[in-house]
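**Student:** Handing you this structure, nothing more for now.
The values are calculated or read from the model by the stated rules, or taken from the named source; none is laboratory data. Source: prediction; values computed, not measured. Methodologically, a virtual Cβ is constructed for each residue, glycine included, from the backbone with ideal geometry; neighbour enumeration extends over all protein chains shown.
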Amino acid sequence: MKKISAVFLLTVMFLGSVFAGPGKEQSGTSGPAPYTITAAGSTSVSPLMELLTAEYKKIRGNVSFNISATGSGDGIKAVPAETAEIGMSSRELSPAEIGSGIEEHLIAIDGIAVIVNPGNGVSSLSVGQIRDIYTGAITDWNQVGGRAGKIAVVSREPGSGTRGAFEEIVKFQDKLVLGATEFDGTGAIKAEISRNADAIGYISLGSVDNSVKTLNVDGVPATTANVVNGSYKIARPFLLLTKKGKTLNGETRAFLDWILTDAGQSIVKTSWISVK
């Protein structure tokens with residue numbers, strides 16, 4: 001009778017472990033518990049984040065990512081509001097934004113390319129000419145050595161990190177010419193430039209492809225090498241943001257640390273500038 005009771009007890013314990021369903025990690029019987037890291041913000045940082053997360057999932061298969069790319073302003077707001085664990089910003093934060101309880105993590109440096117239609121004959125502009133175009137002092141391509149044609153000024157939407165950095169570096173904050181067309185996202189900017197022969201815009205250097213043409217700025221080509229050596233001046237940081245004073249989930253902390261390893265920064269170097 002005692003033997004039967006012991007067998008019965010062992011059977012119940014075994015079945016209970018089988019049918020208990022998913023739960024906490026059990027030592028020696030399963031891998032780490034699944035976890036989803038949420039990130040929100042800059043559409044310029046997002047392509048780099050997609051590459052980083054795709055590689056990270058190969059080495060940490062229990063981790064998944066939910067990335068929402070709607071602009072740096074949203075990423076900066078999401079962190080103190082705790083609607084995302086990680087914010088993405090492609091511009092420096094203001095003192096007030098940092099004071100709202102944000103910790104910055106610099107993961108890369110990016111150039112901002114000034115772009116035109118591939119058929120545009122202009123190949124170089126000075127920073128002063130770019131500023132004059134975006135403020136309305138220069139309105140026709142023939143004023144900067146091109147064929148006659150009214151310049152179609154294209155800009156990112158208010159709150160965009162790319163726009164904030166571009167306006168700050170070129171020095172025309174809050175003076176965008178009346179009638180400029182504003183677009184949400186890098187893809188929309190490229191699409192407009194590629195279809196409009198008279199348009200001018202700006203995007204992350206890492207997002208440039210053969211649908212658009214980059215302009216030299218003050219005679220310097222927009223290349224990663226020239227951003228690194230400091231000769232190409234229109235550049236900005238790529239930041240990941242977390243809530244200051246908040247203990248991060250271990251998986252989130254491990255991911256942020258991995259980005260700054262040689263493995264993480266090797267991905268940065270494919271199209272951006274490493275911070276190591």
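**Student:** Identify all residues within segment 69-91 that are under 21 Å from Asp184 (Cβ atoms) and acidic (Asp, Glu); write none if there are none.
**Tutor:** If the condition is that a residue be under 21 Å from Asp184 (Cβ atoms) and acidic (Asp, Glu), then Asp74 is the only one that fits.
**Student:** Being in a loop (DSSP other than H, G, I, E, B) and not basic (Lys, Arg) is the filter; apply it to segment 157-174 and report the residue that is farthest from Gly121 (Cα to Cα). Working first, answer last.
**Tutor:** Going residue by residue through segment 157-174, those that are in a loop (DSSP other than H, G, I, E, B) are 157-160, 171-174.
Remaining after also requiring not basic (Lys, Arg): 157-160, 172-174.
Working: Glu157: 27, Pro158: 30, Gly159: 32, Ser160: 29, Phe172: 25, Gln173: 28, Asp174: 29 Å.
Of everything passing the filter in segment 157-174, Gly159 is farthest from Gly121 (Cα to Cα).
**Student:** Select, from Val154, Val177, the only residue that is assigned to a strand (DSSP E or B), more than 28 Å from Lys269 (Cα to Cα), in contact (Cβ under 8 Å) with a residue 24 or more places away in the chain and among the aliphatic types (A, V, I, L, M). Talk me through it step by step, then tell me what you get.
**Tutor:** Numbers: Val177 fails: assigned to a strand (DSSP E or B).
Step by step, each of Val154, Val177 is checked, and only Val154 is assigned to a strand (DSSP E or B), more than 28 Å from Lys269 (Cα to Cα), in contact (Cβ under 8 Å) with a residue 24 or more places away in the chain and among the aliphatic types (A, V, I, L, M).
**Student:** Right, next: Within segment 46-53, does at least one residue satisfy the condition of being crowded, with 19+ Cβ neighbours inside 10 Å and in contact with a Pro (Cβ under 9 Å, 6 or more places away or on another chain)?
**Tutor:** no
**Student:** Going residue by residue through segment 245-268, is there one that turns out to be under 19 Å from Thr43 (Cα atoms), surrounded by fewer than 18 Cβ atoms within 10 Å (Cβ to Cβ) and not aliphatic (A, V, I, L, M)?
**Tutor:** no
Every residue, every condition in (1) in contact with a helix residue (DSSP H, G or I) (Cβ under 7 Å, 6 or more places away or on another chain); (2) crowded, with 16+ Cβ neighbours inside 10 Å; (3) within 22 Å of Ser90 (Cβ to Cβ), yes or no:
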{"position": "Thr135", "(1), (2), (3)": "no, yes, no"}
{"position": "Asp140", "(1), (2), (3)": "no, no, no"}
{"position": "Val144", "(1), (2), (3)": "yes, yes, no"}
{"position": "Ala148", "(1), (2), (3)": "yes, no, no"}
{"position": "Val153", "(1), (2), (3)": "yes, yes, yes"}
{"position": "Glu167", "(1), (2), (3)": "no, yes, yes"}
{"position": "Lys171", "(1), (2), (3)": "yes, no, yes"}
{"position": "Ile189", "(1), (2), (3)": "no, yes, yes"}
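**Student:** It is to be established whether one or more residues within segment 123-130 are crowded, with 16+ Cβ neighbours inside 10 Å, in contact with a Leu (Cβ under 6 Å, 6 or more places away or on another chain), assigned to a strand (DSSP E or B) and of a type outside the set (Lys, Arg).
**Tutor:** yes
**Student:** If you take the residues in segment 228-276 that are touching an Asp or Glu at 6+ places or on another chain (Cβ under 8 Å) and among the β-branched types (Val, Ile, Thr), which one is nearest to Asp110 (Cα to Cα)?
**Tutor:** Among those residues, the one meeting the criterion is Ile273.
**Student:** Hey, another quick one. Go through (1) among the hydroxyl-bearing types (Ser, Thr, Tyr); (2) under 19 Å from Pro158 (Cβ atoms); (3) outside the structural domain of Leu176 (by TED's automatic domain parsing) and name the single condition Thr135 misses.
**Tutor:** Looking at each condition in turn, Thr135 falls short on (3).
**Student:** Here's a follow-up. Take segment 209-222 and flag every residue that is surrounded by 17 or more Cβ atoms within 10 Å (Cβ to Cβ) and more than 16 Å from Phe166 (Cα to Cα).
**Tutor:** Once the filter is applied, which keeps residues that are surrounded by 17 or more Cβ atoms within 10 Å (Cβ to Cβ) and more than 16 Å from Phe166 (Cα to Cα), segment 209-222 yields Val212, Lys213.
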